[in-house]
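First comes the structure, then the notes that go with it.
Only the coordinates and a few stated rules stand behind these numbers; no lab work does. Here the structure is a predicted model, which means the values were calculated and not measured. Note: ideal-geometry Cβ built from the backbone for every residue, glycine included; neighbour counts use all protein chains shown.
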């Protein structure tokens, strides 16, 4: 997978340690955590650890989350891409059935509603199909996050699971899993971990 992918309006590239401040600025903004305010990072060290995990995904699986920049200005507006889930499950060998690509993104609140998430999601689906076409792509979200559900639907994912969000302090929250194909039980389990 190339270091950088260009879409119509975005530059998507592998994360580097120098991205810390820009990613922290996006992630520390309470406006991007309306669905999970308690998860908002307040220390740059959490972002440094996240950048390391994203880098590990690239090294181990050949794909991971990108740093998302506007092509026109070079401004970092967030991150997005796919990361592998289930690779460490007991029944998951190198081509194990428990593996799924998890589509995710977090964009600056100032850039919501402009179609950037859909642009990132389309590029991520194409990249996942190149790197590991037999591995399903999923989107894991809460039901009240209608914007993310709309993105999943726009890029062709279908709802395959709807149930209470186990471990969520709010028992009324429902977890949705969208996928690009039917999932085997082990793959759904990997998605819900």
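Here are the numbers for the structure shown:
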item: Computed over the chain: relative contact order in percent, which uses C-alpha pairs under 8 Å that are six or more apart; result: 18 percent
item: DSSP beta bridge pairing in region 4-192, given as percent antiparallel to the nearest 5; result: 90 percent
item: Extended-chain gain in nm, criterion 0.36 nm per residue less alpha-carbon gap, residue 1 and residue 52; result: 16.5 nm
item: For the chain, the spread of Cα positions along each principal axis, largest first, Å; result: 43, 38, 32
item: Residues in region 107-143 that a label on residue 150 would reach, taking backbone N under 19 Å of a point 7 Å out along Cα→Cβ; result: 107-123, 139-143
item: Helical contribution to [θ] at 222 nm, DSSP H n ≥ 4, -39,500 (n - 2.57), averaged over the chain, rounded to 500; result: -9500 deg cm²/dmol
item: FRET efficiency, 1/(1 + (r/R0)^6) with R0 22 Å, evaluated for residue 71 and residue 21 via beta carbons; result: 0.60
